[in-house]
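The values are calculated or read from the model by the stated rules, or taken from the named source; none is laboratory data. Please read all numbers here as calculations on a predicted model, not as lab measurements. Positions of Cβ are generated from backbone atoms using ideal geometry, with glycine treated the same way; all protein chains shown enter the neighbour counts.
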Amino acid sequence: MRDIVFENGVPEPDPVTAVPFRKSDTTGRPTLSSVPNPFVISTTIRYEVPPGSNRVRLRVMNAAGRVVRTLVNARSGDGRRTVVWDARDDSGDRVAVGVYFFRLEARDHAVTHRVVHLQ
């Protein structure tokens, strides 16, 4: 996997966090990360969807594998995206402190990223 998108030899940073984006790997799978991790109030999720992706779904699951929130469920073109999770479930209630997983599904591929919510 390539770690950073380079243009003219300089890493291209995320405009919000100034952290370089990870580029989709050579197999065309999506990439997924979050900053900060661990987090207290909210975390910014960065993902890149490869060309040819029709439907994109990004969900938050608890350690038991239950979906607590759906952040993205839409038709989307390829490219980089960011979304903020405010540690709330689909009902708008704050979730408990603990380990959660972001699951990104796009173009017949899925990637999962672990995140820790602190008090």
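Residue count for the range 96-114, restricted to those that are of a type in the set (A, V, I, L, M) and over 16 Å from Arg57 (Cβ atoms): 3.
Pull up the range 46-59, narrow it to residues that are among the charged types (D, E, K, R) and within 12 Å of the chain's Cα centre (by Cα), then point me to the one that is surrounded by the fewest Cβ atoms within 10 Å (Cβ to Cβ). Per the criteria, the residue is Arg57. Of all the residues in the range 73-83, those that are surrounded by 12 or more Cβ atoms within 10 Å (Cβ to Cβ) and of a type in the set (A, V, I, L, M, F, W, C) number 1. Suppose we keep only residues that are more than 16 Å from Asp108 (Cβ to Cβ) and among the hydroxyl-bearing types (Ser, Thr, Tyr) within the range 30-40. Which one would you say is surrounded by the fewest Cβ atoms within 10 Å (Cβ to Cβ)? Of everything passing the filter in the range 30-40, Ser33 is surrounded by the fewest Cβ atoms within 10 Å (Cβ to Cβ). Output the residue which, of all residues in the range 92-108 that are in contact (Cβ under 8 Å) with a residue 60 or more places away in the chain and touching a Phe, Trp or Tyr at 6+ places or on another chain (Cβ under 9 Å), is surrounded by the most Cβ atoms within 10 Å (Cβ to Cβ). Only one residue tops the list, namely Ala106.
Residue selection: Ile41 satisfies the criterion of being assigned to a loop (DSSP other than H, G, I, E, B) and among the aliphatic types (A, V, I, L, M). Does Thr43 qualify as being polar (S, T, N, Q), modelled with pLDDT of 95 or more and surrounded by 15 or more Cβ atoms within 10 Å (Cβ to Cβ)? For Thr43, the condition - polar (S, T, N, Q), modelled with pLDDT of 95 or more and surrounded by 15 or more Cβ atoms within 10 Å (Cβ to Cβ) - is met.
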